[in-house]
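Derivation of every value follows stated rules applied to the coordinates shown; laboratory data play no part. Quantities reported herein were computed from a predicted structural model and do not represent experimental measurements. Please note: Cβ atoms are built from the backbone with ideal geometry, for glycine as well, and neighbour counts cover all protein chains shown.
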Amino acid sequence: MKFFKFILIIILSFFILQKNLIANDNSILINKISKNLRCLICQGQSIYDSQSDFAISMKLIIKKKIEEGNSEKKIYQYLKNQYGEWIVYDPELNKKTIFLWLFPLILFAFGGLLIFRKVFIN
Amino acid sequence: MLSSYLGYYSLILGFIFSIWLLFYSFVSLNNKNTSLKKNIILILFLQLFTVLLSFLSLIYSFVISDFSNETVYNNSHTTKPLFYKISGTWGNHEGSLLLWLLVLTLFIFLFIFKSKNQPTKYKLLTLFFQQIIILGFFLFLLLTSSPFNFLFPIPNEGLGLNPILQDPALAIHPPILYLGYVGSSIIFSASLAALVQKNINANWANHIKKWIFAAWIFLTLGIMLGSIWAYYELGWGGFWFWDPVENVSLMPWLCLTALLHTIVMLEKRLILQSWTLILSIATFTFSMSGTFLVRSGILNSVHTFANDPERGIFILIFLFVLISLSLIIFFFYQTKELSEKKIFWLSKETAILVNNWFMMYFLSVVLIGTTYPIFLEVITNEKISVGPPFYHKLFIPFLIPFLIFMAIGPKLKWIKQDYKKIKIQQFGFFILSFLIAYLIIQKTSAEYLFTTILIAAALYLFFITIGEFLKKNYNFAQNISHFGFSLFILSVLFNSLFSSEFSANMKIGEELKFKNGLIKFNKIETFNEKNYKSIIADFDIVDRKDTITLNPEIRIYNQPNILTSEADIKSSLFSDKFLVINLLKGEHLFNVRYQNKPFMIWIWISILLLVFGGLAGFVKKYK
Amino acid sequence: MKKKIIYLLLVLLLIFIFTVFLKGLYKPNLYTPSQTSNKNLIEFSGKDLFSDIEITSQQLTSSKKFTIINIWASWCAPCRLEHPILMDLSKNPNLNLVGLNYKDKSESAKKFIYERGNPFSNILVDNNGIISIELGAYGIPETFIINSNTKIIKKYIGPLTNKSFKEIEKIIN
């Protein structure tokens, strides 16, 4: 049993020692942002995935905005002003989306209540 | 031309048989007969046969490129390879519906055939409900989506099938997926029948269990094939996008997995009959809603089929008729549970309840995430997007307790677990998991506390299930599946933590350095294939100690005039090396994207393990 | 009694969901960006295609009562279709018609103009599409109508038609 665990730790440590490939820091952020943006002229692709003109130009804009020192949040805000909320895949928590975020959690609590009743009461 | 006539009239004949079966089953319900008439089986077979004949004639039309058939014209081309001419039959809306109908008629035939030991009335009722569904599909096909419409004058050439659909994984993905969906329809009908008969008991549970397992296996495989296709073919390196069409197949899967656990409990302890029924109804409802959502044009996605509101209305009405029917039957026939059996808090029953609880939560996340934009837009005229970040945020925190419950649950006894018997060993595993997870996160500088705990939880399940294998008495099917699931979570996590990519615009002959490696763009070669022009690039990649050659391809298809990018992927047990190129407009540069994706293959292996466990559960015989 | 209430609620819920989906079917599911907005034109500048001089948006919008920016390229087929309408528009004294040449080769763009005529007072070069995106464009061709307060009062996505020509005439006259 112990030997088995030991082997596992060795194997896992081997993978742990791998490092990341990315050369420059900005590209991580550009990828992160573009994965969170919808390509508006495609049917259900993100800016990261798409190779359309719109997406390519958009990636350049994101790069430019990052280099100008804008934060991720500011970039999303700018794009939402230009194109509307639906360009961003992460629905922010506001009046319009409060039920979106709350409903599943309410249902979870409700489910828990039902189970609690079934198991602990009666 | 002739095959279209054959296909159409065969379908009409099948339609007539289905009406006969519907009325006959209803009328026979009042008969005193104790056995099912032989002619029902014959007509069932004829119903299946006519639909099969219809399907085969459609395939034939595709194979000979009969463009007098509108569906063939819209979706095929003479230069398409034979394999894809055949699979193109169900790669479109009308053809796929015919496939649905074929599987429906096949399954009801099999069900009646294989249920010889079940009470006659139960079989008749199941047949009755199932025929309602079959009739609905016949009407839908014949009234709004016939695959046998004529075109005149007959065009010389077809419009072709989208080249990204010309892939082996995608060719078998629909049939396998439909086997799962249709399986859930049988479960639906059989559950309603059992409700009316008031015989939801261990016997019935044992009988329906096989169908639940079968449907689950096919559904899991079908979803996996779709993911594999997306990964290998779509060129983005991802395998799940929380796209509405994907979500729509995930919802019945979550329901079916919950049902799988509940039916086992029903068989052993005869509790939660109503809940089992609700799950059966819900699973099929989600399958049908899925059909509605992807074919009606209400959703915006890469995968959507026809954008035809008329078809959407039909399915919507059909769907609500079925739901209303279930509700009415539930209302009238639902009886209070015979015994209010108690459930002890530390028992396997509670563990299964907890499983269902979490499954329903995950289901609600997917359901709300997918349909909320529709509701919002109709009510307030505002458009929002709900994408991967939403699902990740609501899933991941809950996966942690879920994995832990999954590790502990199977170890609990039925009825009551004596907590004095819990061993110290359990805590040992727990601590080990945490240590390893902590080490891993340290090295990657991922900031999330959650990820550490999540990895720890997955590792815990991993160790516990491995531990089970070394014991004498254990449930093979259950353990393999749970082990597969832990492996799946671990592979997905490690894959996303350790993946890296490098992208740049390169010209031929250029060599670029990136961290830990080198990428050299050697040359391109162009070839002319049967229905496309191929540009194959040659790259040498040095990635840490590995040197490999990758040949991504760009294809320029003639009909339809589409450009696709085919990634070259070298898979190994440790990682996939993924290279894709794209032509840049107006320049002699190529956009090159290289990704190193560790443990990709383990993601597929782990799902196969999951399915293998299901298979083991399917064939298991009780002593 | 409790059972009946639950069922009633369920039925009502179902009817609600049914109605929403029914209405949802008729909503267009392709993006339909707002054609009118109340946004101000952002400031930008670009090199002129012919003179190579850097021109600012300020200069472009200050000369006449209305400014129209049309995004086009020589490789864009619908742009060829709308060209005659642009030629007609350019005759209107109230407006300054400006072209934004998107992701194009300058020789091809110049050739396009020589062959078909130049409706633009200036043509700015947008090699990587950044200016167009900053304007809020989705693709090409796209046309923006801007008033003297640098407000974008109307946007046309896709080639201009006779109908849109008449609408524009109404606005600027």
HN-Hα J couplings of region C:92-105 from phi, Karplus 6.51/-1.76/1.60, θ = phi - 60°, integer Hz, Gly and Pro as x? 6, x, 7, 10, 9, 8, 10, x, 10, 8, 9, 6, 10, 8
Alpha carbon convex hull of the protein assembly as shown, projected area averaged over orientations, nm²: 42.1
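Around A:I41, with a cut-off of 12 angstrom between Cβ atoms, what is the net charge of the other residues, counting Lys and Arg +1 and Asp and Glu -1?
Around A:I41, the surrounding residues sum to -1.
Which percentage, to the nearest 5, of the DSSP beta bridges contained in the protein assembly as shown is antiparallel?
Beta bridges within the protein assembly as shown, antiparallel portion: roughly 85 percent.
Please go through the residue pairs B:K32/C:K2; B:K507/C:K155; A:K32/C:K151; A:K73/B:K515; C:K64/C:K163; C:K39/C:K91 and name each one whose alpha carbons sit more than 31 Å apart in this structure.
Working: B:K32/C:K2 37 Å; B:K507/C:K155 38 Å; A:K32/C:K151 33 Å; A:K73/B:K515 28 Å; C:K64/C:K163 24 Å; C:K39/C:K91 27 Å.
Checking Cα-Cα distances, B:K32/C:K2; B:K507/C:K155; A:K32/C:K151 exceed 31 Å.
Could you tally the net charge around B:G614, taking each other residue with its Cβ under 14 Å from the Cβ of B:G614, Lys/Arg +1 and Asp/Glu -1?
Local charge sum for B:G614: +3.
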Å³ per residue of the Cα convex hull, for region B:1-48? 51
Nearest 5 is fine: what % of DSSP beta bridges in region C:95-163 come out antiparallel, could you say? 50
Give the order of C:C76, B:C255 when sorted by the count of other beta carbons within 10 angstrom, beginning with the fewest. C:C76, B:C255
Under a GNM of chain C (C-alpha, springs under 10 Å), which listed residue has the highest mean-square fluctuation: C:L60, C:L160, C:L22? C:L22
Region B:525-615, relative contact order in percent, only Cα pairs under 8 angstrom and at least six apart counted: 17
Mean shadow area of region C:112-163 over all directions, Cα convex hull, nm²: 4.8
Antiparallel DSSP beta bridges within region C:44-136, as percent of all bridges there, nearest 5: 25
Give me the number: length gained by fully extending B:L159 to B:L110, i.e. 0.36 nm times residue separation minus the C-alpha to C-alpha distance, one decimal in nm. 13.9 nm
Could you state the number of Å between the C-alpha centres of region B:49-81 and region B:564-609? 34
Residues B:V27, B:V365, sorted so that the one with the fewest Cβ neighbours within 10 Å comes first: B:V27, B:V365
Once you list every other residue whose beta carbon is under 11 Å from the beta carbon of B:I154, what net charge do they have if Lys and Arg are +1 and Asp and Glu are -1? -3
Quick one: order A:D53, C:D52 by neighbouring beta-carbon count within 10 Å, fewest to most. C:D52, A:D53
Can you give the extra length, in nm with one decimal, that the chain gains between A:N70 and A:L113 once fully stretched, where that is 0.36 nm per residue apart less the Cα-Cα distance? 11.0 nm
Cysteines in the protein assembly as shown that, by Cβ-Cβ distance, have no pairing candidate under 4.7 Å: B:C255
Let me have the relative contact order for chain B, percent, based on Cα pairs under 8 Å that are six or more residues apart. 11
In degrees, nearest 10, the alpha-carbon axis of helix C:2-25 is tilted away from the dominant principal axis of the alpha carbons of chain C by 20
Relative contact order, percent, of region B:51-151 when contacts are C-alpha pairs under 8 Å separated by at least 6 residues? 37
Rounded tilt (10° steps) of C:77-89 against the dominant C-alpha axis of chain C: 70
What is the pair-distance distribution P(r) of region B:125-171, computed from all Cα-Cα distances in 5 Å bins starting at 0, with each bin given as a whole percent? 5, 14, 11, 12, 15, 19, 11, 7, 4, 1
Estimated inter-spin distance, B:F618 and B:L449, nm [label 7 Å along Cα→Cβ]: 4.4
Rounded to the nearest 10 degrees, what's the angle between the helix C:106-116 long axis and the longest principal axis of chain C, both from Cα atoms, 0 to 90? 90
Suppose each label sits 7 Å from its Cα in the direction of the beta carbon; what would the B:K530-C:I15 distance come out to in nanometres? 5.7
For A:I41 and B:L29, what is the calculated FRET efficiency with R₀ set at 41 Å and r taken between the beta-carbons, to the nearest 0.05? 0.15
Check cross-link reach from C:K110 to the aspartates and glutamates: straight Cα distance under 15 Å, and skip same-chain residues fewer than eight apart. C:D48, C:D52, C:D126
